[in-house]
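Asker: Can you keep this structure in mind? I'll have questions shortly.
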Amino acid sequence: MADAWRMVARRHGGPEVIERESFDPGLPAPGELLIEQEAIGLNFIDTYYRAGLYPAEPPVALGAEGVGRIVAIGEGVEGFRPGERVGCINGPGSYATHRMIAADRAVRIPDTIPAEIAAATMLKGFTASYLAEDIMPLAPGQWALVHSAAGGVGSILVPWLRAKGVRVIAHAGTPEKTARLKAEHALSLPFAELAHAVRGLTEGHGVDVVFDGVGKDSWQASLGSLRPRGLMVSYGNASGAVPPVSLLDLMRAGSLFVTRPTLADYTATPGDLARHAANLFDRLEHGVVAAHIDQRFALADAAEAHRALEARRTTGSSVLVL
């Protein structure tokens with residue numbers, strides 16, 4: 001086996017705390033697989049663990065998502081073979097040349113999907129899958145507002161919703177990002193102006209659902225964009241955590257519903273994980289969604305990748321490559 005190394009954060013802080021270290025991955029325990037990685041997904045949640053927004057005791061083994069070939073199989077694992085290509089979205093430790101994963105969290109990657117495509121889309125695509133398919137039964141003709149529509153999740157969620165017949169208002173941070181959106185309506189407006197624009201597009205009614213991965217900065221705009229009894233789906237904190245919410249504010253805004261979901265709860269069982277994987281791979285293979293890999297960073301340059309992500313200099317998906 002080639003020398004193994006990984007990128008870790010020995011303390012919480014900015015991208016500068018990320019450093020490289022050698023390590024011995026060892027042999028897989030019962031129920032585990034050791035994989036040699038080919039491509040690694042870069043996700044905003046990785047910055048939360050590095051910065052300490054989400055709990056992780058230093059040294060933090062960074063990353064959740066990666067794709068590689070099986071090099072060793074633990075006792076009791078059935079149905080896998082050495083050399084088979086698998087992916088995993090469960091952290092920690094994907095920022096590494098080699099990785100140990102639980103066999104029941106391994107996702108088989110179809111031969112038709114390259115490793116970089118799978119690494120760039122699994123976590124984001126599984127997120128889009130549960131948002132579009134599990135949160136609420138969206139019917140053709142209903143309205144959805146999608147924030148960060150040019151980002152990793154948004155660029156998959158928007159076409160996924162449109163394929164279901166949902167009328168999508170896609171919001172992005174800059175006109176350059178808006179120009180690439182394939183939505184019924186694409187907007188690049190300050191949050192203070194967004195709700196008014198949304199109501200104009202929906203003849204004053206508001207949207208049925210908002211998919212909001214921005215967090216603190218977009219919260220009021222999202223609530224203001226919803227119809228009475230609409231659903232606010234706050235699934236990320238790119239601008240920081242949403243401040244404490246008054247239930248009376250939800251009542252006054254039209255008896256709104258709010259959920260704060262996380263992917264882990266929607267892929268908690270092997271069956272759920274396999275279902276969302278099948279959803280994503282089917283839509284990739286049929287061209288409903290595509291992996292727009294706009295940035296590739298060397299694994300050793302993970303700090304620079306985090307800087308680009310946090311500065312909103314990225315579009316579509318990003319991968320770390322070996």
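The numbers here are math on the coordinates, done by the rules we state, and not lab data. All figures in this text were calculated on a predicted structure; none of them were measured in a lab. Here Cβ is always computed from backbone atoms with ideal geometry, including for glycine, and neighbour counts include all displayed protein chains.
Asker: Under a point spin-label approximation (7 Å from Cα along Cα-to-Cβ), what is the H205-E84 distance to one decimal in nm?
Answerer: That separation, rounded to one decimal, is 4.8 nm.
Asker: Quick one: order S218, S246 by neighbouring beta-carbon count within 10 Å, fewest to most.
Answerer: Values: S218 24, S246 9.
Lowest to highest Cβ neighbour count: S246, S218.
Asker: Work from the charge dipole of region 161-249 (Cβ charges, +1 for Lys and Arg, -1 for Asp and Glu, about the Cα centre) and give the residue of V210, P243, L161 farthest towards its positive end.
Answerer: Going by the charge dipole, the pick is L161.
Asker: Among rounded, prolate and oblate, which fits the chain when a ≥ b ≥ c are the square roots of the eigenvalues of its C-alpha gyration tensor, a/c under 1.5 means rounded, and a/b larger than b/c means prolate?
Answerer: Numbers: a/c = 2.00, a/b = 1.67, b/c = 1.19.
Since a/c reaches 1.5 and a/b is larger than b/c, the shape of the chain is classed as prolate.
Asker: So for region 270-319, averaging the separation of alpha carbon pairs under 8 Å that are six or more residues apart and normalising by length, what relative contact order in percent results?
Answerer: Here the relative contact order equals 40 percent.
Asker: If you don't mind, another one. Once the Cβ-Cβ distance between S255 and L53 is put in as r, and R0 is 35 Å, what FRET efficiency do you end up with, to the nearest 0.05? Mind showing how you got there, number by number?
Answerer: Numbers: r = 31 Å, r/R0 = 0.88.
Rounded to the nearest 0.05, the efficiency is 0.70.
Asker: Shifting gears a bit: Would you compute, from DSSP H runs of 4+ residues alone, the mean residue ellipticity of the chain at 222 nm, taking -39500 (n - 2.57) per run and dividing by the full residue count, rounded to the nearest 500?
Answerer: Computed ellipticity for the chain at 222 nm equals -8500 deg cm²/dmol.
Asker: What does the charge count near G254 come to, summing +1 for each Lys or Arg and -1 for each Asp or Glu among other residues with Cβ under 14 Å from its Cβ?
Answerer: +2
Asker: Another question, if that's okay. Give me V60, V210 sorted ascending by neighbouring Cβ count inside 10 Å, so fewest comes first.
Answerer: V60, V210
Asker: Expressed as a rounded percentage, what relative contact order does the chain have, with Cα pairs under 8 Å and six or more residues apart?
Answerer: 17 percent
Asker: What is the set of long-range amide H partners of I169 at a cut-off below 5 Å, with H atoms built 1.01 Å from backbone N?
Answerer: Long-range HN contacts for I169: A144, L145, V146.
Asker: What chymotrypsin sites (Phe, Trp or Tyr not before Pro) does region 1-97 have in DSSP loop regions with at most 16 other beta carbons within 10 Å?
Answerer: F23, F80
Asker: Sticking with this structure for a sec: Lys and Arg at +1, Asp and Glu at -1: add these up for the other residues within a Cβ distance under 11 Å of A106 and post the number.
Answerer: Value of the local net charge: +1.
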